[in-house]
1. Go from 0 up to the bin containing the longest alpha carbon distance in chain C, width 10 Å each, and give me the % of pairs per bin.
2. Please give the calculated 222 nm ellipticity per residue for chain C, where each DSSP H segment of at least 4 residues contributes -39500 (n - 2.57) and the sum is spread over every residue; nearest 500 deg cm²/dmol?
3. Mean shadow of chain B, computed from the convex hull of its alpha carbons, in nm²?
4. So what is the 222 nm mean residue ellipticity for chain A from helices alone, if each DSSP H run of at least 4 adds -39500 (n - 2.57) and you divide by all residues, rounding to the nearest 500 deg cm²/dmol?
5. Computed from the mean reciprocal separation of all distinct C-alpha pairs, what Kirkwood hydrodynamic radius does chain A have, in Å?
6. Pop a pseudo-label 7 angstrom from the Cα along the beta-carbon direction at both C:Thr868 and B:Ser59 and give the gap in nm to one decimal.
7. With every protein chain in place, what's the accessible area of C:Ile13 (1.4 Å probe, Å², nearest 10)?
8. Taking all protein chains as present, what is the carbon and sulfur share of the accessible area of the protein assembly as shown, in % to the nearest whole number, probe 1.4 Å?
Amino acid sequence: MALRNHPAKYSAFGLVRRGLRKTNWPRVWREPDWKSSYDVIIIGGGVHGLATAYYLAANHGITNVAVLDKAYLGSGGSGRNTAIVRSNYLTPEGVAFYDRSLDLYNTMSVDLNLNVMFSERGHMTLAHTDSALRTMNWRAEVNKLQKIDSSVIGPDEIKKLAPSLDVSTNTRYPILGALYHPPGGTIRHDAVVWGYARGADAQGVDLHQKTEVLDILCEGGDGADGKGAGATVTGVRTRRGDISAPIVVNCTAGWASTIAGMAGVRLPITTHPLQAAVTEPVKAFLPTVVVSGSLHVYVSQTDRGELVFGASVDPVATYNMGGTLEFTEELAGHVLELMPGISKMRLLRQWAGLCDMTPDYSPVMGPTPVEGFYVDVGWGTYGFKAGPVSGEQMAACVANRATPDLIKPFELSRFTEGELVGEKGAAAVGH
Amino acid sequence: MLLVPCPNCGPRNAADLTYRGESHARPDPNTATREEWRTYLYLRDNPSGWLRESWYCSSGCRTHFQIERHTFTGELREPLLPGSKTGGES
Amino acid sequence: MKNRLPSRAGEQIDRSTILSFTWNGKKLEGFAGDTIASALVANGVTVLSRSMKYHRPRGLLTADYWDPNATVQVGDEPNVRAAHRRLEDGMVVSAQNVSPSLRFDVKAANGLVGRFLTAGFYYKTFMKPAALWPRYEKILATFAPGGKVDLNTPHGYHDKRYAHPDVVVAGAGPAGLAAAIAAAADGASVMLVEHEHEVGGHLLWGTDDDRATAAALRAEAEAAGVEILTNSTVTGRYEDNWVAIAQRSHPMAVERLIKARAKMLIVAAGTIERPYVFAGNDLPGVMTSGAVQRLIRMYGVKPGTRAVVLAANDSGAAAVAALDDAGVDVARVIGSGDRAALVKATGSSTRIRKVHMGDGTTENCDLLVTAVGWTAPTSLLNMAGDRPVYDPSAARFFPGTPPDNVLATGGITGDGTRDQLIEHGRATGRLAAGRAAVVCHRLQASTARAASVDGAEPSYPADERAALPRAPHPEMFRAATHGIVDYSEDVSSKDLFGAAAEGFDSVELIKRFTTATMGPSQGKLETVNTVAVLAEARGETIAEVGTTVWRPPYAPITLGALGGRVFEPVRVSAIQPWHEANGVTPILAGQWIRPEHYGDPAEEVRNTRTNVGITDVTPLGKLDLQGPDVPKLLSLLYTNKWMQLPVGGVRYGIMCAEDGVVLDDGVTGHLGDDHYLMTTTSSGAATVWNWIEMWLQTERPEWQVHVTPITTGLASINIAGPNSRALLGRLTDDIDLGPEAFAYMQVRTGTIAGIDDCITWRIGFTGELSYEIHVPSQHGLHVWNQLLEHGVDLGVQPFGLEAQRIMRLEKGHFIVGQDTDGLSKAPTTGMIPLLKLDKDDWAGKPEVAWVLDDDYPVVVAVQPTDPTVVPEEACQILRADTIDIVGRITSSRFSPTLGRSICLAQVSQEFSEPGTELTVLLVNGTRTTARVMEHHAHFDPEGTRLRG
Ligand SMILES: Cc1cc2nc3c(=O)[nH]c(=O)nc-3n(C[C@H](O)[C@H](O)[C@H](O)COP(=O)(O)OP(=O)(O)OC[C@H]3O[C@@H](n4cnc5c(N)ncnc54)[C@H](O)[C@@H]3O)c2cc1C
Ligand SMILES: [Zn+2]
């Protein structure tokens, strides 16, 4: 790929050299000048928006691109998620898609010349009932067909992988088995965001932070202000001024409906907060990611020693990220069911992010009834892991003006056609 | 936790109720086109702002009612009693 | 205790009670009332921990809960705040994060290469070779700070409490105490919550007069009926003043969570003293002015022998007075707000030795005390939506405009004399009580059925408090040299400058990149210094840079306290005692515990098919429906027709959601005029009840139907098998069981085993002649016993869920949620005749109509070619010689009746024709074949047995 301005190459050698010379590293990305027109505007500076920008430049040579974010890069779900990556989905469509993402993650540190700390520590989804076990088997069978390393294991093996789990049978929710997925793991979410941002910037993409989009400019549509079905997008209005562009891509996750609404497009999405929390650090004792769907909790231990917890989305739709006490109570209660020995660990911090939930736990990607207005949304509680592949595919979609096969099942039109994707069973607390 | 004003029980912890989401009218099942029906099933305004929504007092009096809630600030407007479609289901 | 001072007035220790404890295996002693840290310092311990990244030795810094250097392991408890936790006899205390020991730490070598390990260094290296990263990662993980979890730690006793106080006051310094007293005096119920072990706040280490005032306020608060909780923390303020309190002082609970719906919250959290950033600021012996005052005045501990004091405010002078008092030689006082006055500190590995001044002079010392300003812990206000505002003249952030039900008072809002703080507190307490009264009144008046509201609504008091003055303060954040900003994360001001230059130049980005403020003290000490350094690096003001959002909890809280006791009851039927006494193997099914089998399910099947079996089906959802419009309701919610079902009739129905997906199924019987009993699946009981109420209230409010859930009100027993009629006949006189009188799919109400009003219907889930009886719950066990007693010669035996599942599979009955899934629309069940498109309206009808014209997967009965192979449930069905999935096995068993394997499967229509050969991929990876059957029922497809 042709880099317009080379970023400083990161390496251990560089660290030493700069340490000796006492020089700082150059900026990771520029503070770009304001421009009034671009070929492509991407709204949302999370992993999806940034990856789309990066691949537009890297794979298609389209560099006259702006990424707009109302706050700072990664301020949405991309900077708030628990960074679990896996590909053991339930449907063949899902598996193929997420597996491509894992491939991209595997080489990302080298591709982006930035260590994203992909930690392939294994991912274990516990089953507490025979019906859950049946779903695990189903997933394992679909996964194996697609050559995904995924199998159902029993309590003894579970205990070996995570000795802190109580696998005895006299608990309220006995652990009957688990879907084990060795290639799953965690990643440093901020690093992924910064990596794509730095890579996109180096190829000439402008990253405008603190640039809130207030309206989408359209003409020729059926609705008010020429919006809605049949309209053509002409640009965006931001807090800093108007920008014209023939293509606008909505990558705003939790805020997706608000942006789509500005173009007169309704989405099959409701916004719910998803909460997470970390404990104070302790010495490593939990080597894998553990998920329990029935108990609505998942947990992993970071390299820093903190336990990171997550749950399922809050039931009430809201754009407020205040968080609740109940979340921490339920989380702690359930995690102690699984690991009774950690009752003296302390919760250090809780937070929330907004999730764009769809009825079939699958994303909405590709064109909309408004010409030039694309969406890459509906990422719910599981979209971080999909960042790389979504960026790659959305870039292709926009560059070629045609939806690539890999994301065809996820088009918005599936809802009016009644062709929902069958991930619902597997993703309720999937991440 | 949010306090939700059930018209019968008064303000209750949101966890005592069931959230049913954005209120929307059911099209006539005999005349609705696929598009209309699926719009009813799946598409939502999901605004960041005032939203008319349905709640169910599932651990209390079991009344279904609607309120208007601001989805960012959490402010509430007067609850409406069940079935009061006159309140203007959108 | 070589550093213990002679006894003094006001100290919190009890010298008559000596406690012994160990520190890294060494036996030491302290007094009752000591914190672990004060006892350690009294014993001459200067190094309490090592830093995370560079493993630098660290000593006491702030000597309070937030001290980043005083986190220790106590027994099986990691991360104990040694400067807050009271010493107990026999405590086993050790340092954390040391390798191998506190005194000799090999990782301290990282300090030498520190300049290469700039913040975020790990992002810039270890990329290649990729294969090595997992190994690097393991090494990085050994740097994780923190103590050790003992996985055998007992859960301990944890309880929770709900409270509904008018006013919660967070912080019991002079302002908080005064606010609590004034609110209580005005009639409010008040909870006063203090993080420390004693109330009084900074008065506790003040003058004799200060302490006397604190004691008097405490007495006044007690007399006013204020509930005082010490060693307790308001950890969070959530929506609508839902306030979380961690009570560590409960006599029984290890830590107790109190959840208070406070009408008003008063935040009187005082201020936290900021450390100063300069080279050497993390050497043991560098302390804040508050730390030395606390050590001397509260614990009688001498913090050093020769001190330099940097006094940019009054607290510096107070520290000097305390040091004088303790006989510490104060070598120099730098009484200046000049950043250049102090340059750096140097010392040995265990102690500061020398301070270097801006004028080129140096001073030898073993203690450097800094008094450079305050941070307002606005965390609880943040959680209420408030954003703090920076005031450069006072060099700190102040509260902005919190919502009406949250008030701030005391040091967090300004400065002033003790009396001014108390007066501000009192005014705040009165205001809170006045507002709480209004909230009370509105709550009383808020329901439609509000009984007696006391009088008219009081008027809402406006906030007319005079603000506390703000003392001018120099902006002292960093000297001209670089030092540590975040002690727990080992982040220096140099790191922050570097990060800002790299473009991580907003407060949120720099925090994420460097991890400054992310450690265990949650930014209490670090946030403002981070912001100040960033402002300096960017050449902006602190106000322009702004601050980060403080997230709950205010102070860390144990998982035990949050989890409490888990209240998730299991449900059992009235017959459970019998099951347990008779060797049942139980199974957890949703909330229910059910009998899976009593030893041999295959034998249970055989006995039922040849004699008679009884099974406990109490978990079946049961809804009592009454009213003239019940038939309309049933027609609306089931796919089939219900208007003509006569009294005494029973019918099976399928329910769909509005997207046409199968929601539930079950039978409903017409018991009498306007009276029906509906059964649902066990797991669907609650959903269906809600579903019915939703339709009745929102779509058909004009219909007259009452719905009452009676699942647990009735014990349900299924009696199945050729001898079932004979058996039931022995227990009833008033129900005619004759095949014509009581035909298949009919219901009767009568007396069974002497119990009136038992509902009996003839249905056939198992495929046998069978009766399902619903008996008032309290008589369930009696009827069960009678059935067993009277059926001995008929061969009666109980059977469990597994036998039931085998028999239903032999009969080909699908189970909602197992043979169907979240996308299966009604036609998938194969029950096409039950989908009455000619009915006017029913839930899900449009989607069902459309899908019928479309391609949809179908549930079919399947038999493997090899009768001994039982394909696992969830096995995939493939197009031959490919890996294209065309369906899956949804249920499978070995049929004891047929002596072969049988299945239900979902397959695409193309593969659903009877006789089609399917390719099944077994879990072990081999492929096998199976054939699609003509009927769902593998056994007795004509149904002669159940109609008999
Ligand atoms: C607590 C939590 C845990 C999660 N855990 C996982 C996990 O373990 N694994 C996983 O795969 N996924 C997880 N997710 C989901 C994942 O974080 C998201 O799906 C993903 O980050 C979405 O990325 P994005 O780039 O689409 O959106 P975001 O990162 O949310 O970015 C959207 C951006 O749009 C900007 N924006 C919004 N409105 C405007 C406007 N009007 N103008 C300009 N900009 C605007 C926002 O500021 C924001 O930066 C989790 C989410 C949360 C909240
Ligand atoms: Zn109610």
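The values are calculated or read from the model by the stated rules, or taken from the named source; none is laboratory data. This one's a predicted model, so the numbers in the text were calculated from it and none came from an experiment. Neighbour counts run over all protein chains shown; Cβ positions are idealised from the backbone, glycine included. Note: areas computed on protein heavy atoms with side chains; ligands, DNA, RNA excluded. Shrake-Rupley method; radii C 1.70, N 1.55, O 1.52, S 1.80 Å.
1. 2, 10, 15, 15, 12, 11, 13, 12, 7, 2, 0, 0
2. On the way: 23 runs with 211 residues, N = 948.
Value at 222 nm, helices only, nearest 500: -6500 deg cm²/dmol.
3. On the way: hull surface 24.9 nm².
Averaged projected hull area, Cα only: 6.2 nm².
4. Working: 11 runs with 125 residues, N = 431.
Computed mean residue ellipticity for chain A: -9000 deg cm²/dmol.
5. Numbers: mean 1/r = 0.0450 Å⁻¹.
Result for chain A, one decimal place: 22.2 Å.
6. Distance between label points: 5.5 nm.
7. Surface open to solvent at C:Ile13 totals about 10 Å².
8. On the way: 26440 of 50580 Å².
About 52 percent, which is the carbon plus sulfur part of the accessible surface.
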